[in-house]
Amino acid sequence: MVKDAFVVPIKRFDVAKERLRLGGVPNVTSLARELALGVLKSCSPRHVIVLSESSDVSDFAREHGAEIVESEASNLNDAVQGAYGQLSSRFDRLIFVHGDLRHPEGLADFAPDAGVTVVLDHLGLGTNVLVVPTMTDFRFAYGPNSASLHQQEAQRLDIDVHLVTDSQWRFDVDEPSDLNSP
């Protein structure tokens, strides 16, 4: 049986979702907390690790039964890379999930195939869920065109890659218009 864990990077709620704040969306701090809570609850009862950059996020995650990995990295890729290195000896694979999914329901039942699995965002460009076997030299590439870059990385390592384009998890919340998407 494969031993895996969900890893959910969560940015400080008071600064998260900058594009929503710039777009005039009210109560963004509460919304960021609500989205993260939905993801954590949907991953349970499986093992959940929150990648945290603040004591507030760490306290929030502990309240909801998650293990904490603290990070002082300056960007998401460095933070995830560090967590991957730190956790690789404990798990066979890690399932990285964004903490801002609109419809995270069913994550606890997710049974990905062996290899790398990339769940694309609704635009087909980003990576909302990424499953990576541990003990490899996988390099994370979140940001523009991350889905393609993660696929290329799996191919570089000669690891089977599976792309998921029709998942309910393809909807995350980055832009004000994302609040009105399905």
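The values are calculated or read from the model by the stated rules, or taken from the named source; none is laboratory data. Every value quoted in this text rests on a predicted model; they were computed, and no experiment measured them. So basically every Cβ, Gly included, is an ideal-geometry build from the backbone, and we count neighbours across all protein chains shown.
Pairs linking a residue in segment 62-73 that is of a type in the set (S, T, N, Q) to a residue that is assigned to a strand (DSSP E or B), with Cβ atoms under 9 Å and 6 or more positions apart or on different chains, are Ser71/Pro9; Ser71/Leu51; Ser71/Ser52.
If you go through segment 51-97 and keep only what is within 17 Å of the chain's Cα centre (by Cα) and within 21 Å of Asp113 (Cα to Cα), you end up with Tyr84, Leu87, Ser88, Phe91, Arg93, Leu94, Ile95, Phe96, Val97. Just to be sure, is Thr127 free of Cβ contacts under 8 Å to residues at least 60 places away in the same chain, crowded, with 22+ Cβ neighbours inside 10 Å and among the hydroxyl-bearing types (Ser, Thr, Tyr)? Here the answer is yes, as Thr127 does meet what is asked.
Pairs meeting the criteria (first residue in segment 160-172 and without any contact (Cβ under 8 Å) to a residue 60 or more places away in the chain, second residue crowded, with 17+ Cβ neighbours inside 10 Å and assigned to a loop (DSSP other than H, G, I, E, B), beta carbons under 8 Å, at least 6 apart or on different chains) are His162/Pro112; Arg170/Asp121; Arg170/His122. None of Gly99, Gly85 is of a type in the set (Gly, Ala, Ser), more than 14 Å from Ser167 (Cβ to Cβ) and not in a helix (DSSP H, G or I) except Gly99. Residues of segment 102-111 that are part of a helix (DSSP H, G or I), surrounded by fewer than 19 Cβ atoms within 10 Å (Cβ to Cβ) and of a type outside the set (Asp, Glu): Ala108 alone. A single member of Ser88, Ser42 is among the polar types (S, T, N, Q), surrounded by 16 or more Cβ atoms within 10 Å (Cβ to Cβ) and in contact with a Leu (Cβ under 6 Å, 6 or more places away or on another chain), and it is Ser42.
What tally of residues in segment 58-76 results from selecting those that are modelled with pLDDT under 95 and outside any strand (DSSP E or B)? Qualifying residue count, segment 58-76: 6.
Under the condition of being among the hydroxyl-bearing types (Ser, Thr, Tyr) and part of a loop (DSSP other than H, G, I, E, B), the residues counted in segment 132-154 number 3.
Scanning segment 33-73 for residues that are of a type in the set (A, V, I, L, M) and under 18 Å from Lys17 (Cβ atoms) returns Leu35, Ala36, Leu37, Val39, Leu40, Val50, Leu51, Val57, Ala61.
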